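Report on one structure; see the data block that follows.
Please treat every number below as a calculation from the coordinates, not as lab data. All values reported here derive from a predicted model rather than from experimental measurement.
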Amino acid sequence: MGNAYGFIEITGVVAAMDALDIMCKAADVTLATWERKLGGRLVTLVIQGEVAAVIQAVEAGSTQAIKKPAATGVLPNPHPEIVRMVELSASRFKGKTEPSSGSKMLGEDPPDFVPKEKDEKEGKE
């Protein structure tokens, strides 16, 4: 698995997939999980691997992606609470059910978020 996490937050799913492809090709890292917010307009990728590989991958992804990331980070030897948060996200990402039934699934927007297009379509009906 590795002992580091790397994070890239970028706008758009296409830019995120491009950055992920670059990162996975640049170093021996794997996707741990991803989160989409605002209907996919903001995507956070979390990769994992050995510290040097994660640093190399995040650097490559942040400099070569089709868009400039909003934020990047590397956590060598992450605290157990961070590991727990990533594993929770990954369990939702991989379709496993979560013990608390009230939490939203990965990639879902908050309940109060209504995209403008959807709101306009509903008003016309």
task = Normalise the Debye intensity by I(0) for segment 15-54, one equal point scatterer per Cα, no solvent, then take log10 at q = 0.19, 0.21, 0.26, 0.29 Å⁻¹ and round to two decimals.
result = -0.53, -0.62, -0.85, -0.97
key: Gain upon complete extension [Met17, Val83; 0.36 nm per residue less C-alpha separation]   = 21.5 nm
query = For segment 83-88, in order, what is each residue's ³J(HN,Hα) by Karplus, 6.51 cos²θ - 1.76 cosθ + 1.60 with θ = phi - 60°, in whole Hz (x at glycine and Pro)?
reply = 4, 4, 5, 5, 5, 5
query = Can you pull the Rg over Rh of segment 4-93, Cα-only, Kirkwood?
reply = 0.94
inquiry  = Give me the extension gain from Arg41 to Lys94: residue separation times 0.36 nm, minus the current Cα-Cα distance, reported in nm with one decimal.
reply    = 17.0 nm
